[in-house]
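What follows is a set of notes on a single structure, which appears directly below.
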Amino acid sequence: MHVQILMGTYNGERWIGAQLDSLLCQTHQDWSLWVSDDGSQDSTREILADFTARHPDRVVRFLEGPRQGSAANYLHLLCYPDLQASYVALADQDDVWLPNKLERALGKLQAAGPDPCVWAARYMLCDADLTPLKTSGGQRLGPSFSNALVQNVLSGHTLTLNPAAVALLRSVGKVPVPHHDWWIYLAIMAAQGQAILDNEVVLLYRQHSTNTVGARQMRHARLKRFIGLMRGQLGEWIDQNLSALVGSSLELQPDAKALLQAWPKAGSLSCNLRRARLLYRCGAHRQSRAETALIYLAALAGRMS
């Protein structure tokens, strides 16, 4: 089974060499690499050119990114016309994959069957020098459409998609969404697909000062989410995600259809209780009771419209 690895890059000269080496060490060796560089001004491009020269059978495409942020860069790769309808794995430039990552993902996706399915796993949080800090936490309630409405639990740097999931996302195209991994989770759940959350640790997640998105479990990350929630940022992100669903031709599950019909009307009403009730009817929840309660408080306070 061939896997196309999609890597978005931007000023990654300090880290990308270790990640490329970890790809070469995979136990599953049937893979090729697609890269979209978003305007690097360091030696990232030279490092990739050297890698291509040494491994010409590995790098299929080196694309110019849209320079509109990480989400747009990865959707640019995923929706590129020449991409094959095969398995796809997303890769960050600053991680280090453990040798069994691809093999583990393919085994789980094959067992899940041919319908659209996305696989994600746990990771080891590390400092900039790859000193282990802690293992990422599990998700108590697991994946669902009602969770994907208000939270992403699929870490983009671990994602692998089966061919049906790739085709589903490509049918929608390059939509303006805040986070590509959250969009992948929501779209597949809304279209009656499947998400697998694997408890296996499959990569080293390097934390440094220029991470696009930091680890979700860090205390400062939780504080940042709370501040963003109360300022209405999460509500804006949810609206962007749902607008992308409305504009798609996906065959949606009944709960998703009902929500998309009612959400704009609820948002236009002065009574914020309407939107909170709509979320409640859909079973919208995060993975912790405390964060779920904050979602409903934010809706009642008008921060979800």
GNM flexibility winner over the chain from Ala148, Ala85, Ala187 (Cα, springs under 10 Å): Ala85
Part-to-part distance (alpha-carbon centres) for segment 277-299 and segment 1-38, which is given in Å: 37 Å
Hz values of 3J(HN,Hα) by residue in segment 243-250 - Karplus curve (6.51, -1.76, 1.60), Gly and Pro given as x: 4, 5, 5, 4, x, 8, 9, 5
Of all DSSP beta bridges in the chain, antiparallel share, percent nearest 5: 25 percent
Carbon and sulfur %, accessible surface of segment 41-136 computed with the full protein complex present, 1.4 Å: 49 percent
Vicinal HN-Hα couplings computed from phi for segment 251-263 (Karplus, 6.51 cos²θ - 1.76 cosθ + 1.60; Hz; Gly/Pro x): 7, 8, 5, x, 4, 5, 4, 5, 5, 5, 6, 8, 4
Projected label distance in nm at Asp50 and Ala128, using a 7 Å step from Cα toward the beta-carbon: 2.0 nm
Local electrostatic count at His2 - Lys and Arg +1, Asp and Glu -1, tallied over other residues with Cβ under 15 Å: -2
Aspartates and glutamates with Cα under 16 Å of Lys174, excluding same-chain neighbours fewer than 8 positions away: Asp38, Glu64, Asp82
Rounded to the nearest 20 debye, dipole of the chain from Cβ charges on Lys, Arg, Asp, Glu: 1600 debye
Spatially proximal aspartates and glutamates relative to Lys108 (Cα-Cα < 20 Å; intrachain offsets below 8 disregarded): Asp30, Asp181, Asp198, Glu200
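For the chain, what does -39500 (n - 2.57) per DSSP helix run (n ≥ 4), summed and divided by total residues, give at 222 nm, in deg cm²/dmol to the nearest 500?
Details: 12 runs with 127 residues, N = 305.
Per the formula, -12500 deg cm²/dmol.
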Taking the chain and dividing mean pair separation by its residue count, relative contact order in percent (alpha carbons under 8 Å, at least six apart): 19 percent
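If I take all pairs of Cα atoms in the chain, what percentage of them are more than 24 Å from each other?
Details: 24115 of 46360 pairs.
That fraction is 52 percent.
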Furthest towards positive pole of dipole, Pro81, Phe145, Ala187, structure part the chain, Cβ charges: Phe145
Gyration tensor (alpha-carbon) shape descriptor, segment 1-42, a/c threshold 1.5: oblate
Placed amide H near Gln68: partners under 5 Å, 5+ positions off or other chain: Asn73
Spin-label proximity, Gln29 to segment 37-67 - amide N less than 17 Å from point 7 Å beyond Cα toward beta carbon: 54-59
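Treating the beta-carbon of each Lys and Arg as +1 and of each Asp and Glu as -1, no other charges, what is the dipole magnitude of segment 22-113 about its Cα centre, to the nearest 20 debye?
Values: 8 positive and 13 negative charges, 65 e Å.
Charge dipole, segment 22-113, about its Cα centre: 320 debye, nearest 20.
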Accessible surface, per residue, of the chain when the full set of protein chains is kept, probe 1.4 Å, Å²: 45 Å²
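The values are calculated or read from the model by the stated rules, or taken from the named source; none is laboratory data. Computed from a predicted structure; not experimentally measured. Positions of Cβ are generated from backbone atoms using ideal geometry, with glycine treated the same way; all protein chains shown enter the neighbour counts. Quick note on the areas: whole protein, heavy atoms, side chains included, nothing else; ligands and nucleic acids left out. Shrake-Rupley method; radii C 1.70, N 1.55, O 1.52, S 1.80 Å.
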